[in-house]
Amino acid sequence: MIEEKVDSLKIYTLAEDFSGYNSFFWAQHGVSFLIEAKIGEDRKYILFDTANHADPILHNLQLLKKEISVVDYIVLSHNHYDHTGGLLGLLKEMKKSVPIFAHPDIFKMSYSVDPYFRYIGPPINMREEAEKYGGMWVLSREPIYIVPGIFTLGEIKEEERVEWERGATRVVMINNGEKVEDYMEDEIGLGINTQKGLVIFGGCSHPGIVSMVKRAIEISGISRIHAVIGGFHLVSASDERILKTVTALKDLGVEKIYTGHCTGLQAECEFRMQLNKNFHKLHAGMVISI
Ligand SMILES: [Fe+2]
Ligand SMILES: [Fe+2]
């Protein structure tokens, strides 16, 4: 059971697939959030994911009047290029030593095979290159408490997921010369205990967003869920899975959904219809105050 809470959160959307309407912010494929947590007189800044390119993130930061050098910790949700691609460019600009929380398999090479073979993993030599610029890897399958009230969700194995969130993917990795299915067990999320309940972040939410929310409840012992934020990877999901996901999140009492990226238009429409004004479509530059 987590007793500690952050007093308030300000979440700056530094990267998103949608720029927003009539917006000066730059969109790109991927997500990145700067999370400002106020704890008493203290402020801690966590960078959750780095999208694919650093430049649009630096541009958006300028418009938001924030400096990348404020970042205290980096969390990488999983190995895909649209979450890790901006890392090296951002570390270069930070010019300081920063812990990077991730799963031990974050460096694995993954490939998409549909509709054609292409590399979708992290930057080549990300481990060494990040260290060169001051990154300090903190690799764990287990949840880690980053600051009081803020924790990573750790690994959620295929067999631990809600049954209808399991299943074959069209992503492969090469392991010891063998082509194997990649169940993306390297995806870790982030949970934050706030005065209003839990706030849960997913990158692509490959383990399934419902399984991730359930894991955050298990770890923290807190069942009030204020918000779930990030990409939910329902872009190619069946109608049935989309409906089950929206219903399950509602049944868990999720108060607000902020999503975009790989969630897909159909799932977004379903969230909008069922959650009404408590559904928010993410866009680059969006600032969420909790
Ligand atoms: Fe993604
Ligand atoms: Fe992904």
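The values are calculated or read from the model by the stated rules, or taken from the named source; none is laboratory data. Model, not experiment: these values are computed from the prediction. Because the Cβ atoms are built from the backbone with ideal geometry, glycine has one as well, and the counts that use them run over all protein chains shown.
Figure legend. Inter-residue proximity from segment 166-187: first residues more than 22 Å from Gly154 (Cα to Cα), second residues within 16 Å of ligand 1 (Cβ to nearest atom) and among the hydroxyl-bearing types (Ser, Thr, Tyr), beta-carbon distance below 6 Å, spacing 6+ or different chains. No pairs are indicated. Output the number of the condition that Ala27 fails; it satisfies all remaining conditions of (1) away from ligand 2 (no atom under 16 Å from the Cβ); (2) in contact with a strand residue (DSSP E or B) (Cβ under 7 Å, 6 or more places away or on another chain). Result: Ala27 fails condition (2) only.
So which of Thr152, Thr194 ends up being touching a Pro at 6+ places or on another chain (Cβ under 7 Å) and closer than 19 Å to Glu36 by Cα? Quick ask: steps written out before the conclusion?
Details: Thr194 fails: touching a Pro at 6+ places or on another chain (Cβ under 7 Å).
When all the criteria are applied, what remains is Thr152.
Results for (1) out of contact with any His (no Cβ under 9 Å at 6 or more places or on another chain); (2) buried (at least 22 other Cβ atoms within 10 Å of the Cβ); (3) more than 23 Å from Glu16 (Cβ to Cβ), shown as yes or no for each residue.
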| position | (1), (2), (3) |
| --- | --- |
| Leu88 | yes, no, no |
| Ala102 | no, yes, no |
| Glu129 | yes, no, yes |
| Ser140 | no, no, yes |
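Residue by residue through segment 256-289, note down the ones that are of a type in the set (A, V, I, L, M, F, W, C) and crowded, with 19+ Cβ neighbours inside 10 Å. Correct list: Ile257, Cys262, Ala267, Phe271, Leu282, Ala284, Met286.
Listed here are the residues, each with its yes/no results for (1) within 15 Å of ligand 2 (Cβ to nearest atom); (2) touching a residue at least 24 places away in the same chain (Cβ under 8 Å).
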residue	(1), (2)
Gly85	yes, yes
Leu88	no, yes
Lys92	no, yes
Ile100	no, yes
Ile106	yes, yes
Phe117	no, no
Val138	no, yes
Ile146	no, yes
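Rundown of residues vs (1) in contact with a helix residue (DSSP H, G or I) (Cβ under 9 Å, 6 or more places away or on another chain); (2) among the hydrophobic types (A, V, I, L, M, F, W, C); (3) closer than 20 Å to Val199 by Cα, yes/no style:
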{"position": "Glu36", "(1), (2), (3)": "yes, no, yes"}
{"position": "Lys44", "(1), (2), (3)": "no, no, yes"}
{"position": "Ala54", "(1), (2), (3)": "yes, yes, no"}
{"position": "Ile57", "(1), (2), (3)": "yes, yes, no"}
{"position": "Asn60", "(1), (2), (3)": "no, no, no"}
{"position": "Glu67", "(1), (2), (3)": "yes, no, no"}
{"position": "Tyr73", "(1), (2), (3)": "no, no, yes"}
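Scanning segment 149-170 for residues that are of a type outside the set (D, E, K, R) and at pLDDT 95 or above returns Gly149, Ile150, Phe151, Thr152, Leu153, Gly154, Ile156, Val162. Evaluate segment 241-255: report whether one residue or more is outside any loop (DSSP other than H, G, I, E, B), touching a strand residue (DSSP E or B) at 6+ places or on another chain (Cβ under 6 Å) and closer than 23 Å to Ile288 by Cα. No, segment 241-255 contains no residue that is outside any loop (DSSP other than H, G, I, E, B), touching a strand residue (DSSP E or B) at 6+ places or on another chain (Cβ under 6 Å) and closer than 23 Å to Ile288 by Cα. Selection over segment 213-233 of residues that are in contact (Cβ under 8 Å) with a residue 12 or more places away in the chain and part of a helix (DSSP H, G or I) gives a count of 7.
Among residues of segment 67-79 that are farther than 26 Å from His206 by Cα and small (Gly, Ala, Ser), those with a Cβ under 9 angstrom from a residue that is more than 16 Å from ligand 1 (Cβ to nearest atom) and assigned to a loop (DSSP other than H, G, I, E, B), sequence gap 6+ or separate chain, pair up as Ser69/Lys95; Ser69/Lys96. Residues in segment 199-213: is at least one closer than 21 Å to Asn278 by Cα, over 13 Å from the mean Cα position of the chain (by Cα) and either within 16 Å of ligand 1 (Cβ to nearest atom) or charged (D, E, K, R) (or both)? No, that holds for no residue.
Listed here are the residues, each with its yes/no results for (1) under 25 Å from Ser112 (Cα atoms); (2) among the hydroxyl-bearing types (Ser, Thr, Tyr).
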residue: Gln195; (1), (2): no, no
residue: Gly202; (1), (2): yes, no
residue: Ser205; (1), (2): yes, yes
residue: Ile209; (1), (2): yes, no
residue: Leu275; (1), (2): no, no
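Of all residues in segment 21-46, those being within 26 Å of Ser8 (Cβ to Cβ) and touching a His at 6+ places or on another chain (Cβ under 9 Å) number 4.
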